[in-house]
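Working notes, beginning with the structure itself.
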Ligand SMILES: Nc1ncnc2c1ncn2[C@@H]1O[C@H](COP(=O)(O)OP(=O)(O)OP(=O)(O)O)[C@@H](O)[C@H]1O
Ligand SMILES: [Mg+2]
């Protein structure tokens, strides 16, 4: 999968992105550590790959590891390797990522929550280029360019003692901060077109028929908390559902769960009322580890939402129901909605629904 995105598949023309790319080209040739900071889905992994392929190490290995998915022990042996018999079940010698990336680049994703032990060992590799395998005493040398990524505020974690300040200093020789999609809206349509065209190709469609005016407005107005990954998903879903053979996409389905029949989360509401103690526990939990910024209340709406888009969708929905009820007679439909004929025509026109009624 990742091979597909090497180099030139980085789409975008906003100044914010161009500045980042310039920054990347400048720091890429150095062997110094780089820290990439950005919300989820902003393209941190793509940028890490680009740093590698623009460096003198481009023909050596690019090795990655997600640090948040492993326990401390597993992470230690994945990073530094282990000697045979280092712990129960350790059969034979195992080369860690630092050894495998020798001469190349090691990308450590989601570094923020690593333990003190791991952080200490990392600091030493960065300072001296050496470490010991787990269960071993022989010192191993490795020449690795380290790129790390996090979607948390590392300086704040360092201030509160959750991340080693000296390690942060070393990792942050240079820091690349990726702007969220909502602050580079010029990139939305080029990215959407790109994802739509490749989805159409994947589906074996002859061509992609483009986005209609309402769809474009929806794409432009959405806040994109999940950034480019969310945009990719949303566009692929729309092409798959509505783009069969060159048909223009009229509307974007931002939330696949959206439905007037969506069940309310009644169970949760009752739990909240009956067991305040548990609520506190859940909240503490969310505070420490969540990177999920949606809030679901007892009203069945997931916040944050885009007010304009939500109400527009509700209007379109209501218009369509009223039109059906009025057998697509505009006078009858206007009466059903308490509108004048001309008012109704105006609203239908706004939503591009005139020819369909
Ligand atoms: N500028 C871009 N052009 C094209 N595709 C992009 C761009 N930026 C990101 N993507 C795509 O968006 C998706 C998310 O990117 P990536 O995995 O690099 O984000 P991330 O910041 O590492 O996310 P997370 O924090 O969730 O790991 C990927 O499919 C990636 O290919
Ligand atoms: Mg990532």
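The values are calculated or read from the model by the stated rules, or taken from the named source; none is laboratory data. Just so you know, these numbers come straight off a predicted model, no measurement behind them. With ideal geometry, Cβ positions are generated from the backbone for all residues, glycine too; neighbour counts draw on all protein chains shown.
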If a residue must be within 11 Å of ligand 2 (Cβ to nearest atom), under 22 Å from residue 169 (Cβ atoms) and touching a helix residue (DSSP H, G or I) at 6+ places or on another chain (Cβ under 8 Å), how many such residues does segment 24-66 contain? 3
Going through segment 169-198 in order, the residues found to be more than 12 Å from ligand 1 (Cβ to nearest atom) and surrounded by 20 or more Cβ atoms within 10 Å (Cβ to Cβ) are 171, 196
Looking at 126, 147, 118, which one is within 16 Å of ligand 1 (Cβ to nearest atom) and at pLDDT 90 or above? 147
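Residue-wise test of (1) buried (at least 20 other Cβ atoms within 10 Å of the Cβ); (2) in the same structural domain as residue 34 (by TED's automatic domain parsing); (3) over 28 Å from residue 29 (Cβ atoms).
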{"position": "92", "(1), (2), (3)": "no, yes, yes"}
{"position": "98", "(1), (2), (3)": "yes, yes, no"}
{"position": "107", "(1), (2), (3)": "yes, yes, no"}
{"position": "122", "(1), (2), (3)": "yes, yes, no"}
{"position": "132", "(1), (2), (3)": "no, yes, yes"}
{"position": "143", "(1), (2), (3)": "no, yes, no"}
{"position": "147", "(1), (2), (3)": "yes, yes, no"}
{"position": "159", "(1), (2), (3)": "no, yes, yes"}
{"position": "164", "(1), (2), (3)": "no, yes, no"}
Considering only residues that are over 11 Å from residue 62 (Cβ atoms) and within 16 Å of ligand 1 (Cβ to nearest atom), which ones fall in segment 95-111? 108, 109, 110, 111
Can you confirm whether residue 183 is touching a residue at least 24 places away in the same chain (Cβ under 8 Å) and over 30 Å from residue 318 (Cα atoms)? yes
In segment 22-50, which residues are within 14 Å of ligand 1 (Cβ to nearest atom), assigned to a helix (DSSP H, G or I) and more than 11 Å from residue 176 (Cα to Cα)? 45, 46, 49, 50
Give me a count of the residues in segment 66-90 that are more than 16 Å from ligand 1 (Cβ to nearest atom), assigned to a loop (DSSP other than H, G, I, E, B) and either surrounded by 15 or more Cβ atoms within 10 Å (Cβ to Cβ) or not assigned by TED's automatic domain parsing to the domain that holds residue 132 (or both). 4
Report whether or not residue 113 is at pLDDT below 95, within 16 Å of ligand 2 (Cβ to nearest atom) and over 26 Å from residue 53 (Cα atoms). yes
Output the number of residues of segment 327-339 satisfying the condition of being modelled with pLDDT under 85 and either assigned to a helix (DSSP H, G or I) or over 43 Å from the mean Cα position of the chain (by Cα) (or both). 1
From 254, 219, grab the single residue that is under 26 Å from residue 40 (Cβ atoms), assigned to a helix (DSSP H, G or I), within 21 Å of the chain's Cα centre (by Cα) and at pLDDT 60 or above. 219
Considering only residues that are away from ligand 2 (no atom under 16 Å from the Cβ) and assigned to a helix (DSSP H, G or I), look in segment 165-182 and name the one that is farthest from residue 107 (Cα to Cα). 182
